[in-house]
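Structure record follows, encoded as structure tokens.
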Amino acid sequence: MMRSLLLRATQSARHLLSPQQRVGQTGAGARNMAAFLRLGYLGFLRSLFVPGPHLLPRNLAVGSRCFHASVGLQGIPPVKVFMPALSPTMEEGSVVKWLKKEGEMVNAGDALCEIETDKAVVTMESSEDGVLAKIMMEEGSRNVRLGTLIALLVEEGQDWKQVEIPSDTTASPPAPSPAPSVPAPRKTESHPGKLRIRLSPAARHILDTHGLDPSGIIPTGPRGIITKEDVLRLLEQKPAKKAAEKSPSGPPSFPQPTAAPSALPTASAPSAYPRPLTPPISVPGQPATQGTFSEIPASNIRRVIAKRLTESKATIPHSYATTDCDLGAVLKLREELAKDNIKVSVNDFIIKATAVTLKQMPDVNMTWDGEGSRQLQTVDISIAVATDRGLITPILRDAAAKGVQEIAVQAKALAKKARDGKLLPEEYQGGSFSVSNLGMFGISWFSAVINPPQACILAVGQSRSELRLMEGSDEDPKLQQQQLVQVTLSSDGRVVDDELASKFLENFKANLENPSRFALH
């Protein structure tokens with residue numbers, strides 16, 4: 001019956017054509033037209049006779065719509081959006097905020113979401129056109145590895161609600177070259193229905209202590225991680241059974257010491273402060289127990305800072321040199337510039353003096369790449385900015401060629417972007433020399449840790465007033481008040497030796513104490 005209907009449909013459709021159209025439909029063209037008509041009529045018949053939830057009386061218009069959808073758009077795979085590498089040292093990221101919602105149209109170049117990298121919060125742009133069909137990683141998802149599927153796009157016109165979720169949520173790595181001589185490693189058997197249990201360190205410790213099975217716990221942490229609070233809820237519902245099995249007859253008995261000789265005092269009495277068998281655990285809603293703590297997850301920036309500082313102190317031979325600089329001329333020039341409504345800070349003069357000194361001494365404008373030193377052609381100053389997420393160092397490019405006023409404007413803009421987490425990768429990657437100023441926090445002196453691969457960092461403290469004996473015009477010493485600031489240079493001994501570091505501080509001191517010759521150049 002179905003075959004006869006198809007033949008009738010083909011013949012009737014061909015009679016609908018004009019004589020001129022029938023003349024043109026010969027050979028391969030006729031065969032293609034017939035196949036196309038049979039396919040469309042087959043879809044229409046299936047919509048009428050195939051059992052299912054849509055088994056309802058349909059008219060010709062409904063069947064035509066079904067045929068159009070099946071031929072045009074069904075079967076197109078979704079476009080996968082993976083976690084990208086937004087910085088050279090990025091290994092994982094966190095989804096801070098989605099800027100598009102499911103069902104919204106996305107064009108290539110549109111801002112899709114905000115990703116927290118190991119350096120800053122970067123806006124991720126879409127590289128494809130389509131409709132955002134499914135968000136795989138919700139806002140707040142942390143420690144998402146590179147290449148993990150975070151979203152799905154479909155073409156415009158598709159039913160985005162019916163998008164097919166792929167089973168593979170990671171980007172497939174490039175196929176390795178075949179090695180016939182080496183046997184393939186034995187692969188562990190995978191169970192699609194069984195998920196790997198992820199535990200936080202605190203949750204794992206509590207489970208091991210009480211001998212609990214984590215398989216029955218419903219995780220509430222990001223990416224399905226079982227947190228300490230999840231385990232504590234299980235403890236409230238099901239008390240640990242291992243402790244009861246070990247001591248069914250009563251409270252635990254502590255080991256008694258052996259009897260002491262009569263000449264010594266007896267020690268048979270139990271200790272007044274016995275060591276508990278289990279560590280103290282805080283219960284939500286109850287007063288905190290002595291010795292408990294709250295686990296605070298570290299951000300990507302905090303982890304990278306900890307890693308880099310540890311590597312710096314462990315692998316770089318730090319050398320330190322300190323000197324005092326007179327800020328009298330700088331403060332006087334600041335007052336003159338303020339009369340012309342030019343606002344600059346003391347730190348802007350320090351950055352400019354550092355850049356000029358590096359231009360005069362290119363042997364200090366160096367980096368260490370692990371095997372040798374590299375001399376950089378431009379002076380790029382990294383300025384340390386404290387943010388809520390940690391310390392970050394935006395870069396003033398070619399600072400030696402900029403005036404103090406231009407440095408002040410750019411430094412202020414970069415500091416604001418750093419605190420807002422809006423720095424672009426090119427605004428914090430690189431640099432040849434770092435300046436860290438803690439004087440605004442009341443710190444009089446400190447030594448900073450070198451930011452590899454740079455070879456030096458200058459630590460600036462708070463200015464102070466001192467009375468010093470100065471030689472007068474009549475060669476009699478006189479007391480004079482000076483505004484001094486103490487700076488400390490941390491240098492990599494593999495690149496900058498102590499003599500070169502001393503000469504750098506000497507030239508820096510001379511430049512900072514005579515700012516009129518470089519202030520506006």
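The values are calculated or read from the model by the stated rules, or taken from the named source; none is laboratory data. Keep in mind the model is a prediction, meaning the values are calculated, not measured. Every residue, glycine as well, gets a Cβ built from its backbone with ideal geometry; the counts of neighbours run over all protein chains shown. These accessible areas exclude ligands, DNA and RNA; they are computed on the full protein's heavy atoms, side chains included. Shrake-Rupley method; radii C 1.70, N 1.55, O 1.52, S 1.80 Å.
Before moving on, here are some points about what is shown:
- Rolling a 1.4 angstrom probe over the protein heavy atoms with all chains in place gives segment 79-154 an accessible area of 41 Å² per residue.
- Between amide H atoms placed 1.01 Å from N, distances below 5 Å from L438 occur with V460, all of them 5 or more places distant or on a separate chain.
- Per-residue Karplus couplings for segment 139-147, computed as 6.51 cos²θ - 1.76 cosθ + 1.60 with θ equal to phi - 60°, are listed in order as 4, x, 5, 10, 6, 7, 5, 4, x Hz, Gly and Pro entered as x.
- Prolate/oblate/rounded call for segment 296-344, Cα gyration tensor, a/c under 1.5 rounded: oblate
- When the listed pairs K307/K412; K119/K402; K134/K412; K343/K422; K332/K359 are checked against a 32 Å cut-off, the alpha-carbon distance exceeds it for K134/K412.
- Residue-count net charge about A355 - beta-carbon cut-off 12 Å; Lys, Arg +1, Asp, Glu -1: 0
- Database remark: amide H of I150 closer than 5 angstrom to the amide H of V81, F82, M83 (H placed geometrically; neighbours at sequence offset of 5 or more, or on other chains; Pro and chain starts carry no H).
- Per residue solvent-accessible surface (Å²) - segment 413-521, probe of 1.4 Å: 52
- In the assembled protein chains, S215 presents an accessible area of approximately 80 Å² (probe radius 1.4 Å).
- Ranking F446, F293, F518 by solvent-accessible area of protein heavy atoms (1.4 Å probe, all protein chains present), from largest to smallest, gives F293, F446, F518.
- Computed accessible area, W368, all protein chains, 1.4 angstrom probe, square angstrom: 60
- You can think of it this way: the chain between Q481 and N107 has 128.2 nm of extra reach, that is 0.36 nm per residue less the Cα-Cα gap.
- Per-residue ³J(HN,Hα) for segment 417-426, Karplus 6.51 cos²θ - 1.76 cosθ + 1.60, θ = phi - 60°, Hz, x for Gly and Pro: 5, 5, 5, 7, x, 10, 5, 7, x, 6
- Potential extension, S294-K332 segment - 0.36 nm per residue separation minus Cα distance: 8.6 nm
- Whole-percent carbon and sulfur share, accessible surface of segment 79-154, 1.4 Å: 46
- The phi torsions of segment 403-409, fed into the Karplus equation with coefficients 6.51, -1.76 and 1.60 and a -60° offset, translate into couplings of x, 5, 5, 5, 4, 4, 5 Hz, rounded to whole numbers, with Gly and Pro shown as x.
- Computed E for A401/S444 - FRET, C-beta separation, R0 35 angstrom, nearest 0.05: 0.60
- Only protein heavy atoms count here; under a 1.4 Å probe, E406 has an accessible surface of about 90 Å².
- Interchain or long-range residues, amide H under 5 Å from R198's placed H: I226
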